[in-house]
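Since the structure comes first, as structure tokens, the remarks are kept for the end.
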């Protein structure tokens, strides 16, 4: 196992990205067409020196030279002996019938549908947008930004037009179907919102340094240029979700499971990577697997699980249960969908799959609906609810009767900005049966032990959806 930066969690974030229909006029030649009109208007009023033009428009020397070279190349201006720049005869003819605006030739029109995320106003490529916000943490947008999104999109589209062309977000084709690169925006003719917003989705890797076990600073989001507000929004959301350290509770959970190994790895409140490597190698020698990160990120683990599932005896079906932890970061990554769907698809091999999701109470319809929305692309016939609090809500269990058990602890430690998941897989039948008995005993135990069991149900709430 490499000693480079170690990824201990991966989380998807989403930002609302409204769709806009934008129609704009452009000129397909070199220059700065968007300032032509106003520069020509100024020179119609009075001849000016370059320094006066620079001061009036707020240009630097280079921008002034480019703007003037553009007009000169079209023969619309002349240089006078006194150093002033004035309209040429051709430039004067642009103002037909003494109208205020010049009639600039070769304007063309183009339109399309574009998405812009609302935190840093990045327009998005097709592959960088998503139709849904499932399995992700949504970053907060200020109400003012939501209400003014069309105005923000128009201003951003104008200011970043050249960059949008270079990034191939805006594509304009000429008469023969070739993409034109050398064009200039003249004006936006139409901008209007279109339907429900899409989302900008990106995965944030959370890493630690193996030498010290300390958390590494977050990496930039690689697919966008502007991200200051996005990074601030991530920080604010993580601070909002912060909970006290649960190392003491984890020790109790590890004692219940009879797991001494993982405690050594987290003993000092940070991950001891050298100790982790020792435990990893010991489990490997015993045909087990010790891992760091969410269960659904463990490709090697699922390779082992799939081998077991592909060789089951269909005559005697078994129970395959997955008990989720009470952790805000669990399931916040699209990879979980594929892993769950894989387990559903293989049920014909000879097992019955239940995904158990924690609820504060059986009657909490809001929480049930949240889970159903989160897993709406998954068959609701496998989605079950159970009373949160199994092993203090910090321990996740995935097991197949008589075959294997996977345990994942969700450590909340002040050293890390998000939960650090760490766990193991075992096929040792004695250990497997012990872990399964903990889970089954919890699910079948009454909600309130001191009350008549006939009057109160077990902590297994059954199917989330009763329809």
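Here, each number is a calculation from the coordinates, and none is a lab measurement. Bear in mind the structure is a predicted one, so any value in this text is a computation, not a measurement. Glycine also receives a Cβ, built like all others from the backbone with ideal geometry; neighbour counts cover every protein chain displayed.
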Could you give the angle, 0 to 90 degrees to the nearest 10, between helix 273-285's Cα long axis and the longest principal axis of the Cα atoms of the chain?
50
Could you order the peptides 44-54, 131-141 from most to least packed, using the average number of other C-beta atoms within 10 Å per residue?
131-141, 44-54
Given just the C-alpha atoms of the stretch 352-467, how large is their convex hull per residue in cubic angstrom?
149
What is the spin-label model distance, in nm, from residue 38 to residue 226 if the labels are put 7 Å beyond Cα along the C-beta direction?
1.8
Length gained if residue 274 through residue 192 is fully extended, taking 0.36 nm per residue and subtracting the Cα-Cα distance, is 23.8 nm
With each run of n ≥ 4 DSSP H residues scored as -39500 (n - 2.57), what mean residue ellipticity at 222 nm is computed for the chain after dividing by its residue count and rounding to the nearest 500 deg cm²/dmol?
-9500 deg cm²/dmol
Calculated log₁₀ intensity ratio I(q)/I(0) where the Debye formula runs over C-alpha points of the stretch 63-141, q = 0.15, 0.17, 0.18 Å⁻¹
-0.73, -0.81, -0.86
For the stretch 236-350, what Kirkwood radius comes out of the mean inverse Cα-Cα distance, in Å?
16.9
0 to 90° range, to nearest 10: angle between helix 299-309 axis and the chain longest Cα axis:
50
Taking Rh as the Kirkwood radius computed over C-alpha pairs, what is the Stokes-Einstein D of the stretch 30-98 at 10 °C in a medium of viscosity 1.306 mPa s, expressed in µm² per second?
133
If you take the C-alpha gyration tensor of the chain, multiply each eigenvalue by 5 and take the square root, what semi-axes do you get, largest first, in whole Å?
62, 24, 20
Which length gain, in nm to one decimal place, applies between residue 125 and residue 299 when the Cα-Cα distance is subtracted from 0.36 nm times their residue separation?
59.7 nm
Taking R0 as 30 Å, what FRET efficiency do you get between residue 313 and residue 138 from their Cβ-Cβ distance, rounded to the nearest 0.05?
0.10
What's the extension gain from residue 89 to residue 73 if we count 0.36 nm per residue and subtract their Cα-Cα distance?
4.4 nm
At the level of C-alpha centres, the distance separating the stretch 220-248 and the stretch 367-404, in angstrom, is 26
Relative to the longest principal axis of the chain, what angle (0 to 90°, nearest 10) does the C-alpha long axis of helix 335-345 take?
50
Using bins 5 angstrom wide from zero, how does P(r) for the stretch 247-463 break down, in % of all Cα pairs?
1, 6, 14, 19, 20, 18, 12, 6, 2, 0, 0
Kindly work out what percent of the DSSP beta bridges joining two residues of the stretch 247-463 are antiparallel, to the nearest 5.
70
What does a probe at residue 444 reach in the stretch 368-400, counting residues whose amide N is under 16 Å from the point 7 Å along Cα→Cβ?
none
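Could you put 152, 315 in order, starting from the residue whose Cβ has the fewest other Cβ atoms within 10 Å? All intermediate terms of the calculation are to be shown ahead of the outcome.
Working: 152 16, 315 6.
Taking fewest neighbouring Cβ atoms as first place, the list is 315, 152.
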So for the chain, averaging the separation of alpha carbon pairs under 8 Å that are six or more residues apart and normalising by length, what relative contact order in percent results?
18
Give, as ranges by residue number, the residues of the stretch 211-235 whose backbone N falls under 15 Å from the point 7 Å along Cα→Cβ of residue 152.
226-234
Would you give the gap between the C-alpha center of the stretch 343-363 and the C-alpha center of the stretch 135-181, rounded to a whole Å?
42
